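J.: Here it is, the structure in full.
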Amino acid sequence: MKRNRLVAGNWKMHGSLAANRKLLDAIVAGAAGLGGVECAVCAPFPYLAQAAECLRGSKVAWGAQNMSEHLEGAYTGEVAVSMLKDFGCRYVIVGHSERRQLFRESDAQVAAKFVAAVTHRITPILCVGETLEEREAGRTEEVVGRQLDAVVNKGEFAQAVLAYEPVWAIGAGRTATPEQAQAVHAFLRRKVPSETVILYGGSVKPQNAPAIFGMPDVDGGLIGGASLVAEDFLAIARAAARKG
Ligand code: PEP
């Protein structure tokens, strides 16, 4: 089955009004001629209004990097899914390894965020991935399987995107080989509906994107560092589009 291609940028905690404007304008211009792949940027909360203003009517979607599992209430500093909807977000990243590690998000909390997103018709990009220690102990499938099972049994996975992001490859300049990525994607694929888009993330650059995207179960990428450079992000999107 032919699945959609998607290349999504995760800006993390980077950006400014001036820098974002340049980046978004360049991405919009470059994406205009791109067929066969959807592009999206996941911006910090304060810049969602700017992303909406710059991207509305373009071929580029936008989203957030996190959200609360609660729908509203006394949760100081949190952002609700309805607020993301107000700003036209199509996507929200849930369960990024930085959230799991630095902010102690549990599988159950990630699952609750996932369900809240799906219920409010925002597509969650669910991140799963093992640490280097877990990989070296031969526990990769156990770990990503557990992270996915926490969610698959609950939400409507047909409306979600899955991202395999080995923790040891994120922001590390070190990436999984295409074969390593394919092996985990094939494992994950067996647990989700056949149409589910599965992205690879972890130091994807214009140079390594073609080989990684060439793998049969890799449908695109979740891009951190390289998504902050318009030419690199667009080159990666072109590599996904060439997959056909
Ligand atoms: C990420 O944080 O989702 C990511 C993939 O980062 P990078 O591309 O910088 O490794």
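J.: Being in a loop (DSSP other than H, G, I, E, B), among the hydroxyl-bearing types (Ser, Thr, Tyr) and either in contact (Cβ under 8 Å) with a residue 40 or more places away in the chain or within 13 Å of THR123 (Cα to Cα) (or both) is the filter here; which residues of segment 32-91 pass it?
T.: Within segment 32-91, just SER68 meets the criteria.
J.: Still on this structure, I have one more. Go through (1) away from the ligand (no atom under 15 Å from the Cβ); (2) without any contact (Cβ under 8 Å) to a residue 12 or more places away in the chain one by one and return the number of the condition GLU105 breaks.
T.: Here GLU105 clears every test but (1).
J.: What are the residues in segment 186-209 that are part of a helix (DSSP H, G or I), surrounded by fewer than 21 Cβ atoms within 10 Å (Cβ to Cβ) and within 16 Å of the ligand (Cβ to nearest atom), if any? First the steps, then the outcome.
T.: Residues of segment 186-209 part of a helix (DSSP H, G or I): 186-189, 209.
If we keep only those that are surrounded by fewer than 21 Cβ atoms within 10 Å (Cβ to Cβ) too, we end up with 186-187, 189.
Once the filter is applied, which keeps residues that are part of a helix (DSSP H, G or I), surrounded by fewer than 21 Cβ atoms within 10 Å (Cβ to Cβ) and within 16 Å of the ligand (Cβ to nearest atom), segment 186-209 yields nothing.
J.: Pull out all pairs, ordered by first then second residue, where Cβ-Cβ is under 8 Å, the residues are six or more apart or on different chains, the first lies in segment 168-197 and is closer than 23 Å to LYS12 by Cβ, and the second is surrounded by fewer than 18 Cβ atoms within 10 Å (Cβ to Cβ) and among the hydrophobic types (A, V, I, L, M, F, W, C).
T.: From segment 168-197, the pairs are TRP168/LEU132.
J.: Of everything in segment 13-25, what is open to solvent by 50 Å² or more (accessible area, probe 1.4 Å), in a loop (DSSP other than H, G, I, E, B) and in contact with a helix residue (DSSP H, G or I) (Cβ under 9 Å, 6 or more places away or on another chain)? Give them in sequence order.
T.: Of everything in segment 13-25, just one residue is open to solvent by 50 Å² or more (accessible area, probe 1.4 Å), in a loop (DSSP other than H, G, I, E, B) and in contact with a helix residue (DSSP H, G or I) (Cβ under 9 Å, 6 or more places away or on another chain), namely HIS14.
J.: Among the residues of segment 133-166, write down those that are touching a helix residue (DSSP H, G or I) at 6+ places or on another chain (Cβ under 7 Å), in a helix (DSSP H, G or I), open to solvent by less than 30 Å² (accessible area, probe 1.4 Å) and at pLDDT 95 or above.
T.: The answer is THR140, VAL143, VAL144, GLN147, LEU148.
J.: Now for a different question. Starting from residues that are open to solvent by 10 Å² or more (accessible area, probe 1.4 Å) and among the charged types (D, E, K, R), keep the ones in segment 210-231 and report whichever is farthest from VAL167 (Cα to Cα).
T.: Out of the qualifying residues, it is GLU231.
The values are calculated or read from the model by the stated rules, or taken from the named source; none is laboratory data. Source: prediction; values computed, not measured. Cβ sites come from the backbone with ideal geometry, for glycine too, and all protein chains shown count toward neighbours. The accessibility values were calculated without ligands, DNA or RNA, using every heavy atom of the protein model including side chains. Shrake-Rupley method; radii C 1.70, N 1.55, O 1.52, S 1.80 Å.
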